[in-house]
Amino acid sequence: MHFASEPYERHVHENGQQRDVRRVTLIPGDGVGPEVVRSARRIIEAAGVPIEWEEAEAGAEVFRRGDTSGVPRETQESIERTRVVLKGPLETPVGYGEKSANVTLRKLFETYANVRPCRELPGVPTRYAGEGIDLVVVRENMEDLYAGIEHLQTPDVAQCLKIITRRGSEKVIRYAFELARREGRRRVTAATKANIMKLTEGLFKRVHEELAAEYREVEADHLIIDNAAHQLVKDPSQFDIIVTTNLNGDIISDLASGLVGGLGFASSGNYGDDVAIFEAVHGSAPKYASKDVINPTALILSSVLMLRHIGEFEAADRIEDAVLVTLEEGQAVTQDLARLSGDVEAATSTTGYTEAVISNLGRHPAGGSVRSSAGIPEAVVPRRTMTSAGSAREASGDRKLVGADVFLETDVAVDELGPELERLSGDSLRVAMISSRGTRVYPPSGLRAEDIGWYQCRFVAPGTNGDGGSAVSDREVLELLGRVSERHRVTQVEMLQSFNGEPGYTRAQGE
Ligand code: NAP
């Protein structure tokens with residue numbers, strides 16, 4: 001992808017003074033999008049930030065015109081020029097393709113880190129008021145089950161591949177540690193399910209441990225994701241930065257938003273190597289569209305993240321402070337907040353709230369100012385550097401093919417299937433085990449597993465005993481597949497490899 005060298009434009013004023021004006025792509029979006037985007041833009045302009053907005057389209061209207069991506073070419077070109085996007089929510093209208101324009105934008109520009117700050121806001125009643133919640137969830141945004149690689153193995157067995165890479169993990173974890181440095185945060189907690197998914201979630205956990213050694217001034221610890229959810233609800237103020245894989249992050253970041261007031265207040269940034277996209281967490285809330293009642297705080301706070309990203313720290317702090325003053329003093333209360341406080345009559349319009357924030361620019365909240373960054377625009381933080389050490393497994397070069405997991409669909413009962421596959425396995429392979437949904441059923445393990453007629457059949461080279469010892473050739477595996485598929489429907493094959501003598505695959509329950 002080609003990116004213009006500098007997303008700035010030099011403006012010469014009448015008095016001859018030059019000023020660089022930052023270009024930003026502005027996508028109003030659908031439903032309440034245009035209202036919240038207009039609010040944020042007015043506030044940024046009132047704060048005097050020199051931005052040249054490139055208004056661009058994406059979402060429902062684009063789908064309706066027949067563009068199946070929801071993101072027209074001109075919008076993509078604008079983003080390639082500006083590299084920074086402030087956007088309203090986008091709808092995927094029913095019946096217009098299945099890919100959301102939001103996901104398309106994230107994938108087009110590889111925004112690998114989804115960052116959601118969750119901070120207690122004054123004047124926003126929650127169960128945790130007074131506890132001082134101030135945490136950030138950093139979620140990997142490209143991989144995991146969201147790679148979208150799904151297959152039907154049989155009409156009744158579906159599979160989704162969970163892809164975790166060292167590179168993807170390192171980028172997002174490094175992002176989290178750099179964020180801790182910039183904001184003076186003390187701890188980066190990795191939250192994973194490494195106890196169950198030892199290879200995928202385990203890789204993420206290991207990379208976090210490896211990178212921690214490069215950021216010694218920041219504490220690094222690990223929590224199992226379910227305990228992280230439990231701890232978040234029990235005592236959220238113990239957290240600082242949580243970094244996690246995509247699905248875990250999806251759930252836990254919504255949970256964290258809920259702790260500090262919910263969708264009207266939840267801001268986010270999606271950061272890539274080249275492009276960053278800032279948006280509220282909420283959707284297009286169509287029932288409130290054009291009614292001038294929606295709470296624009298989430299998008300205003302997302303635009304504050306954007307300003308820090310482009311190095312406009314002073315303006316970012318001023319705007320965030322103005323929002324805090326407005327909430328703290330309860331001067332303008334949008335409908336959602338008025339409902340929480342039990343006084344719906346007191347509700348202010350979106351426009352009224354925006355004007356209150358503008359009038360508070362330059363004031364500081366009594367309860368303490370914003371958490372500022374350390375003066376390094378995020379856009380210049382090096383993110384491409386990968387750990388030079390790499391993995392021990394890669395460095396070893398000792399990598400062998402030791403067998404294959406053949407997944408098949410059959411009506412043959414497992415006590416007959418086992419001996420039959422033994423006969424089909426030939427001299428170079430043997431049947432190590434057969435599992436039903438990950439539980440060993442052959443040789444019998446004593447564990448109960450309902451028979452669904454779909455099995456994982458593990459063939460390994462003789463002499464391989466879970467240690468990945470001896471090798472087999474691709475041809476021998478392919479010949480085995482030929483023999484097995486004459487008798488049963490093969491639905492999937494996974495090659496079994498060992499790395500540095502360690503198996504690159506997990507054992508079945510009971511194996
Ligand atoms: P939603 O638009 O977020 O709205 C759900 C409810 O949340 C609203 O009815 C309202 O609750 C509350 N809410 C949302 N934003 C608020 C705000 N700024 N201030 C106060 N309350 C707010 O979720 P949805 O109805 O599930 O989704 C609608 C459309 O948006 C869908 O097409 C979806 O695909 C899309 N969407 C887009 C994005 C994105 O672009 N990033 C994200 C999520 C969803 P009450 O009814 O209680 O007042």
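Couple of notes before you dig in:
- Computed label-point distance, nm, for sites Glu502 and Asp427 using a 7 Å Cα→Cβ extension: 3.5 nm
- Take 443-452, 32-41, 70-79, 164-173 and order them by the average number of nearby Cβ atoms within 10 Å per residue, most first; the result is 32-41, 164-173, 70-79, 443-452.
- Peptide packing: for 426-434, 120-128, 292-300, the average count of neighbouring Cβ atoms within 10 Å per residue gives the ranking 292-300, 426-434, 120-128, highest mean first.
- Of the peptides 486-495, 255-264, 195-204, the ranking by mean beta-carbon count within 10 Å, highest at the top, reads 255-264, 195-204, 486-495.
- DSSP beta bridge pairing in the chain, given as percent antiparallel to the nearest 5: 65 percent
- In this label model, Glu329 and Val21 are separated by 3.2 nm, measuring between points 7 Å along each Cα→Cβ vector.
- Signed unit charges on C-beta, dipole axis of segment 399-503, positive-most listed residue Phe499, Val472, Ser425: Phe499
- The value of relative contact order for the chain, using C-alpha pairs under 8 Å at least six residues apart, is 14 percent.
- Dividing the helix sum by the residues of the chain, where each DSSP H run of 4 or more adds -39500 (n - 2.57), gives a mean residue ellipticity at 222 nm of -10000 deg cm²/dmol.
- Cross-link pairs exceeding 19 Å in C-alpha to C-alpha distance, out of Lys107/Lys205; Lys171/Lys234; Lys87/Lys162; Lys162/Lys198, comprise Lys107/Lys205; Lys171/Lys234; Lys87/Lys162.
- Against the chain, whose longest principal axis is taken from its Cα atoms, helix 73-82 shows a tilt of about 70°.
- Calculated on the Cα set of segment 399-503, radius of gyration then Dmax: 13.0, 38 Å.
- The chain - accessible surface per residue (Å², probe 1.4 Å): 45 Å²
- With Cα atoms, 0 to 90° folded angle of helix 166-183 axis to the chain main axis: 30 degrees
- Surface composition of the chain: carbon plus sulfur atoms contribute 48% of the solvent-accessible area (1.4 Å probe, protein chains only, all chains present).
- Helix 474-485 axis, angle to the chain major axis (alpha carbon atoms, nearest 10°): 80 degrees
- Length available on full extension from Thr351 to Glu150: 0.36 nm per residue minus the Cα-Cα distance, which gives 67.9 nm.
- Simple Cβ-charge dipole of the chain, Lys/Arg +1 and Asp/Glu -1, about Cα centre, in debye nearest 20: 540 debye
- Each residue, Met495 and Leu447, gets one label point 7 Å from its Cα in the Cβ direction; the gap between the two is 2.8 nm.
The values are calculated or read from the model by the stated rules, or taken from the named source; none is laboratory data. Since the model is a prediction, treat every value here as computed from it, not as a measurement. Reconstructed Cβ throughout: ideal geometry from the backbone, glycine too, with neighbour counts over all protein chains shown. Accessible surface areas use protein heavy atoms only, side chains included; no ligands, DNA or RNA. Shrake-Rupley method; radii C 1.70, N 1.55, O 1.52, S 1.80 Å.
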